[in-house]
Amino acid sequence: MPVIAAEVRGHSMVSRLAIDEAELAEVLSRRLDAVEDRLRECIGEAQDAFVSEAVGHLIAAGGKRMRPLLALVAAEFGDGSGRDGVEAAAVSELIHVASLYHDDVMDNARVRHGVPSANAKWGNAVAVRCGNWLLSKAARLVADMGPEAVRLQAHASDRLVEGQMLELLGPAPGEDRLAHYFKVISDKSASLLSLALRIGAMEGGASAETMEILAAYGEHLGVAFQISDDILDITSSSETLGKEQGKDLAEGVASLPVLMALADERPHGRELRELLESGPLSDAMARRRALELIRRSTAMDDARSMMQGRLTQALSLVGDLPDRPAIQVLEGFCSFVASRTE
Ligand code: GRG
């Protein structure tokens, strides 16, 4: 497997969340190391050196490891008789990375985590099979976690794939576009954050009630996180993103900032409507103009306040959890998401 990116080795999320309790930060960092070992072990199980390299490509290239950290934090809400959440963490990252391989094929993305995407390096056929390999590996790990974990993982994978399909299809005639957007992002993004928390809590031996609260927190956090990603797609440069900017516009996908800008009654909104009526913006000049119109409208503020609303809902759930030091990490995740678009 290639050299692991510094972002992963340095546990960037643990540092970014500025966890006050040194002991908790240390435990989580140690467990994240164990997750990396587990992921490497999984990749090493490939029967062929090329398969191992290809499926390890995006795992090594970087990523924040948000889902693994959420699973580990959720395990902290157990009754003390459970396990550390490392297996749940590895499962959630395998599924996440599988979805990135597929996503890059669908978007014809050339770059991911600042390195050539698998499809750019080896073609679509290899990239799709890498995604399938990783998803299957996750299923094998989950099979050893018991039937309830299998049921939860199947449900989340189902939502992931269907969310992506719904995004591709766009809203049905007459369907509310905003409702469609929220359905898509709940399914394609929030479902996996929620799963990570749920199976992490299960592995840690948390009560059914705690699991439900953590899963609901994950749904809100996941929706807010995807909104922040959609805002960054408009506001950040391709260099900062580590992938192409304005991806949604190029594909004709109306993300929340776009939907908000389209509703703007001022001349900006009218010009944007005219531009987007012509279909996906494959022309770079038209895309630049659309990005400028969206940035100048009230859309960014509207999108940010909807994101904040979901973070407030996530935070209110945290108050219902058993009082553990890990609570501050869940609060930290909310601050992190809010700060991404400041
Ligand atoms: C094969 C599991 C599978 C799914 C196929 C392609 C697809 C269906 C789903 C894609 C869903 C997708 C890419 C949603 C976006 C989720 C998202 C916000 C990704 C970025 O997450 P970060 O920022 O990623 O946590 P890093 O780069 O940090 O790992």
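In table form, for the structure just shown:
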item	result
Some residue of the range 74-81 being farther than 28 Å from LEU166 by Cα, away from the ligand (no atom under 13 Å from the Cβ), surrounded by fewer than 16 Cβ atoms within 10 Å (Cβ to Cβ) and of a type in the set (Phe, Trp, Tyr)	no
Which listed residue is within 16 Å of the ligand (Cβ to nearest atom), surrounded by 20 or more Cβ atoms within 10 Å (Cβ to Cβ), touching a residue at least 24 places away in the same chain (Cβ under 8 Å) and not acidic (Asp, Glu), from LEU168, LEU197	LEU197
Pairs, first assigned to a helix (DSSP H, G or I) in the range 33-49, second among the hydrophobic types (A, V, I, L, M, F, W, C) and at pLDDT below 95, C-beta under 7 Å, six or more apart	GLU36/ILE4; GLU36/VAL8; ARG40/MET1; ILE43/MET1
In the range 240-277, residue nearest to the ligand (Cβ to nearest atom) [restricted to those that are under 19 Å from SER339 (Cα atoms) and either at pLDDT 85 or above or charged (D, E, K, R) (or both)]	LEU256
So VAL150, is it among the β-branched types (Val, Ile, Thr) and free of Cβ contacts under 8 Å to residues at least 24 places away in the same chain	yes
Pairs, first closer than 21 Å to SER92 by Cβ in the range 125-136, second in a helix (DSSP H, G or I) and more than 10 Å from the ligand (Cβ to nearest atom), C-beta under 7 Å, six or more apart	ALA127/ALA118; ALA127/ASN119; CYS130/ALA54; CYS130/VAL55; CYS130/ALA118; TRP133/VAL51; TRP133/VAL55; LEU134/VAL55
Number of positions in the range 1-24 that are of a type in the set (A, V, I, L, M), crowded, with 18+ Cβ neighbours inside 10 Å and free of Cβ contacts under 8 Å to residues at least 60 places away in the same chain	2
Tally of residues being among the β-branched types (Val, Ile, Thr) and out of contact with any helix residue (DSSP H, G or I) (no Cβ under 6 Å at 6 or more places or on another chain) across the range 268-326	2
Enumeration of residues in the range 91-101 that are more than 9 Å from the ligand (Cβ to nearest atom) and surrounded by fewer than 23 Cβ atoms within 10 Å (Cβ to Cβ)	none
Residue within the range 102-120 that is among the polar types (S, T, N, Q) and surrounded by 19 or more Cβ atoms within 10 Å (Cβ to Cβ) present	yes
Check on ILE327, closer than 16 Å to LEU232 by Cβ and β-branched (Val, Ile, Thr)	no
So LEU281, is it buried (at least 18 other Cβ atoms within 10 Å of the Cβ) and of a type outside the set (Lys, Arg)	yes
Selection from the range 106-124 of residues that are near the ligand (Cβ under 8 Å from one of its atoms) and part of a helix (DSSP H, G or I)	MET106
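The values are calculated or read from the model by the stated rules, or taken from the named source; none is laboratory data. Quick caveat, the model's predicted, so the values are computed rather than measured. Counting neighbours? That spans all protein chains shown, and the Cβs are built from the backbone with ideal geometry, glycine included.
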